[in-house]
Each structure stands twice: as C-alpha cells, then as structure tokens.
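What follows is a short report on a single structure.
The values are calculated or read from the model by the stated rules, or taken from the named source; none is laboratory data. A quick note: this is a predicted structure, and the numbers were derived from the prediction, not measured. Cβ: placed from backbone, ideal geometry, glycine included. Neighbour counts: every protein chain shown.
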Amino acid sequence: MPGTILIGAQWGDEGKGKATDLLADKMDVVVRYQGGNNAGHTVVVGGRTFRLHLVPSGILHPHIITLIGDGVVVDPGVLLVELAALEAQGISTANLKVSANAHLIMPWHKERDKLAERYLGSNKIGTTGRGIGPAYGDKVARLGIRVQDLLDPKILGQKVEVVLRERNPLLAKVYNRLPFDAEAVVEEYMTYAEALRPRIADTSLYLWRALRDGKQVLFEGAQATMLDVDHGTYPFVTSSSPVSGGALAGAGVGPGEIQGVIGLAKAYTTRVGSGPLPTETEGPDAEVLSTQGAEFGTTTGRPRRCGWLDTVVLRYAARLNGLTELFLSKLDVLSSFDRIPVATAYRIDGEVTEDWPMTQTEVHHAEPVYEYFDGWREDITGVTRFEDLPRAARAYAEAIEKLSGVPVTAVFVGPGREQTLLRESAGDARGTVAGKSGKG
Ligand code: IMP
C-alpha cells in the first residue's frame, strides 16, 4: 500500500508545499486531486522561494512524476504560465501530466465568480476569484468542458456553443455583461491545446500501474478540511473535497492503496476570506501572529485572519480524514508570547462540547474554552532536533498530540527544508511516513 495522503487540517495555508517537498525524497509520484489555482503552495529550497498554484509541489524534484488528477479544475492559460515560470527558474516540467478528465476553467467561470461575489455583497464568500466555484458548478450540472475536449476541436466547438447558448443570456440579461463569442473562446483554447497535448493522460490508469509496481505516491491536498464543501464551514468553503476521501475520488484510486494520512496544522490558526473562525484574535496578538508568520495569502495577497490553535478543529480533522500523523508547522511564530492559549472545547449557549458542532448556528455561537500554555520566548529557528527545543515548546507540541489524538511526527521551525524536526519516536508512530523520509 504505497499511497500517502497529505491534507490541511485547518483552513488552509498550513505549509503543504513544504511538507510535500520534505516527503519528496521517498516519493515517485505526486498527484493533486482537487481544487485549482486557488491554491498557493510556497516552497523554499536552498534559499530560493517557489510559489506554486496548480502544479504539484513535487515538480521541484526531477525524479518525481507529477500528476494533475481528474478532480482538479484546470485554467490552461494559468498552467502554461506557471510551467514557463518554473522552466525559467531552471526547473524541468517534462514530468508533469494532466488528466484528460479534469475540468477546464473557462472565461465565463472567472467572470461569474467575481460577479457572484459582488451580488452577494456583505454575504460574499471571499473567494480567490479564480473561477473555482462556477467551474465545479458546471461540472456537477454536466455543462463542464474537460481537458480531453482540447484534443477534439469539433467537440470543443460544439460544447462551447451549447454552454454559451445557456450562459450568454444570463450574463447579458441578469448581470448586464457582454456575451462571450464562442469562436474566439475556441480559438484561444486551441492554442492551449497545442501546448498541453503531450501532457494529457489517463492519470488514474497511470497511478494504478505505478501503485501496482510498488511506487510511492503522495496525494497532495490543496485548501483544507475546514474548507471542504461537505464538511467545512459551509457556505464559506471551497467547491471541492480536500478531505482524504476526496483524494480517492479525485485521483481515481481505491482506498486499499493508502498506507497513511498526514494532517498539516499550524501551531496557531489562520483563514483567508469570510466565515467562522472561533479562535480568531484581534489587537496586538493578532498583529504579532500576522507579522511574524507573514500571514498574507500566496494567491491573492490578502491578509489572513489569525487566531489561536483550535483542537476541536484538529480532532474533527483527525476523525474526518483518518489522520495517522500530524505535522505541526510554524512553531517558531509563537516564540514571542509569554502565554499561549489553545482551545480545547467550545461553550455553546452554556453547554461545553469537545466536538465540532452539528449546525452552522451552533458554530456561530461557539466560544472557545482555552487552556493556557507557557511560552518559551526564545528563537527556535536554528534548532535541528526536537529534543533541543526549549522545554515549553516541546510541552506545547506534546499537548497538541494528546489533545488531537494524533502523533506529531514533524515540527517546522521555519520555512526552509532544514528547519524541520522529526519525531520518529512520537507515540506509536515508528515507521511513519515522516520517519521514512530520512530528513531532519
Ligand atoms: P474559492 O476556492 O476561490 O472558491 O474560495 C472559497 C474560499 O476558500 C475562500 O474563503 C478562499 O479564501 C478559500 N481558499 C481557497 N483556496 C485557498 C487556499 O489555498 N488557502 C486558503 N484559503 C483558500
């Protein structure tokens, strides 16, 4: 069972790019299974910073085959720009394949995303404006156009024609926008078709063969558990399934192929966009988290909302994803605090619960119940072994392990690859994926 799933355990931006990079040495294939270029994965390698949106982070390693799976929505123009930028930085992109079944983000999806947000006014989701929701909407409504349609200009032309017959009147009459010209759209997308043709593949079949041959496959999640369309803080979510179950459907593999599920959690909490964030903090503490953690969106540059670690959320993520390990990122950002609050439960209308609430109304009423941990007030960015962390920092990580019920097998103390502390002895975690990565 050589498959490992890596997912965000909070609201995204937990450091999945760095985690993928860390695991890369032991991987043969890295596959993205959902989302699109709403994601922003920052990876720092040898002092160079790479910002990836659609391309799996494994691309930075020449031995890895990277796949954009069936469940991803692909903006082909954006993909080509990202590939060209990587090539310009000396990174070969020859090993990237794109699923024929992945759906394309079309110009009307991007337009609709922005218009819908404008019309929602103060109820807006705060999307990334990349057309993600409308593209998934059309997929489910069976009005989507897929990567494989780029291989057949006649079919592409017919599909664009059919969709625009339905969409153009809506754009013109409801939103007072100019209609799209089908011929111009087809012409634009045929230029993408030429460039992408050699990369289009049956990625599910490719994965099946790779797994049969004992290759190590990493399923690289984008966004995170609390942004999942079914299990997150709906409607303030993305339109795909970032949870581990989504990896199977989105990549086209069966559950028997999976040996472990790694959750990524920041040592505190952030979220971009609207929606509940029970442990959100404001004032000087938020300022410190934001500044020390450089909490600005990789994709949109928006400031991220900041708060304390929420172990109600971590337990929910552990349950939903079947987490077998937890990586704890950005522990160094907490070095400036004397006392660090961690939410262990919520008080909702007088009742205390340790479980994520059933309804949106309860989530809105939830007040965190905090336990306070000692700070360490020491720069830990140069520490190279978990055992060498200040006692209070170790106690913090160990408490998270207990409160989440998942062994913390790696702790990040900075963005660099070398700023990673492995804990092979964590709980019963011997033989974990972190341990096998041989780094640290
Ligand atoms: P969409 O995915 O662009 O539709 O945006 C829906 C919600 O998900 C918004 O709150 C976004 O800020 C959030 N979101 C989407 N992608 C990411 C991500 O990669 N990191 C963090 N938040 C994200």
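Considering region 216-258, and only residues there that are away from the ligand (no atom under 16 Å from the Cβ) and surrounded by fewer than 16 Cβ atoms within 10 Å (Cβ to Cβ), the residue that is nearest to the chain's Cα centre (by Cα) turns out to be 249.
Quick test of your reading of the structure: residue 43 fulfils all but one of (1) within 30 Å of residue 279 (Cα to Cα); (2) assigned to a helix (DSSP H, G or I); (3) without any contact (Cβ under 8 Å) to a residue 40 or more places away in the chain. Name the failing condition by number. Every condition holds for residue 43 apart from (2). Selection of region 21-40 for residues being at pLDDT below 90 and within 16 Å of the ligand (Cβ to nearest atom) yields only 40. Of the residues examined, residue 161 is not one that is modelled with pLDDT of 95 or more, farther than 22 Å from residue 71 by Cβ and under 31 Å from the mean Cα position of the chain (by Cα).
Residue under question is residue 383, and the condition is that it be of a type in the set (A, V, I, L, M), free of Cβ contacts under 8 Å to residues at least 60 places away in the same chain and touching a strand residue (DSSP E or B) at 6+ places or on another chain (Cβ under 8 Å); does it hold? Quick ask: steps written out before the conclusion?
Numbers: of a type in the set (A, V, I, L, M): yes; free of Cβ contacts under 8 Å to residues at least 60 places away in the same chain: yes; touching a strand residue (DSSP E or B) at 6+ places or on another chain (Cβ under 8 Å): yes.
The answer is yes for residue 383.
Can you go through 65, 59 and tell me which one is over 27 Å from residue 11 (Cα atoms) and surrounded by 22 or more Cβ atoms within 10 Å (Cβ to Cβ)? Step by step, each of 65, 59 is checked, and only 65 is over 27 Å from residue 11 (Cα atoms) and surrounded by 22 or more Cβ atoms within 10 Å (Cβ to Cβ).
Can you name the number of the only condition in (1) part of a loop (DSSP other than H, G, I, E, B); (2) within 16 Å of the ligand (Cβ to nearest atom) that residue 116 fails? Checking residue 116 against (1) part of a loop (DSSP other than H, G, I, E, B); (2) within 16 Å of the ligand (Cβ to nearest atom), the one that fails is (1).
Of all the residues that make up region 56-111, how many are within 20 Å of the chain's Cα centre (by Cα) and assigned to a loop (DSSP other than H, G, I, E, B)? Matching residues across region 56-111 total 10. Find the residue count for region 1-20, including only residues that are within 16 Å of the ligand (Cβ to nearest atom) and in a strand (DSSP E or B). Qualifying residue count, region 1-20: 3.
Look at residue 397 and say whether it is touching a helix residue (DSSP H, G or I) at 6+ places or on another chain (Cβ under 8 Å), in a helix (DSSP H, G or I) and either farther than 20 Å from residue 326 by Cα or touching a residue at least 24 places away in the same chain (Cβ under 8 Å) (or both). Spell out the reasoning first.
Values: touching a helix residue (DSSP H, G or I) at 6+ places or on another chain (Cβ under 8 Å): yes; in a helix (DSSP H, G or I): yes; either farther than 20 Å from residue 326 by Cα or touching a residue at least 24 places away in the same chain (Cβ under 8 Å) (or both): yes.
In short, yes.
Could you list, in sequence order, the residues of region 20-56 that are among the hydroxyl-bearing types (Ser, Thr, Tyr) and either under 26 Å from residue 325 (Cα atoms) or surrounded by 23 or more Cβ atoms within 10 Å (Cβ to Cβ) (or both)? Answer for region 20-56, where residues must be among the hydroxyl-bearing types (Ser, Thr, Tyr) and either under 26 Å from residue 325 (Cα atoms) or surrounded by 23 or more Cβ atoms within 10 Å (Cβ to Cβ) (or both): 20, 33, 42. Of all residues in region 161-187, those being without any contact (Cβ under 8 Å) to a residue 40 or more places away in the chain and not small (Gly, Ala, Ser) number 16. For residue 282, the conditions (1) buried (at least 16 other Cβ atoms within 10 Å of the Cβ); (2) more than 14 Å from the ligand (Cβ to nearest atom); (3) among the charged types (D, E, K, R) all hold with the exception of (1).
For beta carbons closer than 8 Å, sequence separation of 6+ or different chains, a first residue in region 129-145 that is closer than 12 Å to residue 107 by Cα and a second that is assigned to a helix (DSSP H, G or I) and more than 16 Å from the ligand (Cβ to nearest atom), the qualifying pairs are 145/156; 145/159; 145/160; 145/163. Within the bounds of region 137-144, is there any residue that is within 31 Å of the chain's Cα centre (by Cα) and buried (at least 21 other Cβ atoms within 10 Å of the Cβ)? Yes, some residue in region 137-144 is within 31 Å of the chain's Cα centre (by Cα) and buried (at least 21 other Cβ atoms within 10 Å of the Cβ).
For every residue, the table says whether it meets (1) at pLDDT 95 or above; (2) assigned to a helix (DSSP H, G or I); (3) within 14 Å of the ligand (Cβ to nearest atom); (4) small (Gly, Ala, Ser).
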{"site": "264", "(1), (2), (3), (4)": "yes, no, yes, no"}
{"site": "275", "(1), (2), (3), (4)": "yes, no, yes, yes"}
{"site": "278", "(1), (2), (3), (4)": "yes, no, no, no"}
{"site": "290", "(1), (2), (3), (4)": "yes, yes, no, yes"}
{"site": "306", "(1), (2), (3), (4)": "yes, no, yes, no"}
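Apart from one condition, residue 77 fits all of (1) within 16 Å of the ligand (Cβ to nearest atom); (2) in contact (Cβ under 8 Å) with a residue 40 or more places away in the chain; (3) of a type in the set (Gly, Ala, Ser); the exception is (1).
Among the residues of region 176-200, those identified as among the small types (Gly, Ala, Ser) and surrounded by fewer than 18 Cβ atoms within 10 Å (Cβ to Cβ) are 184, 195.
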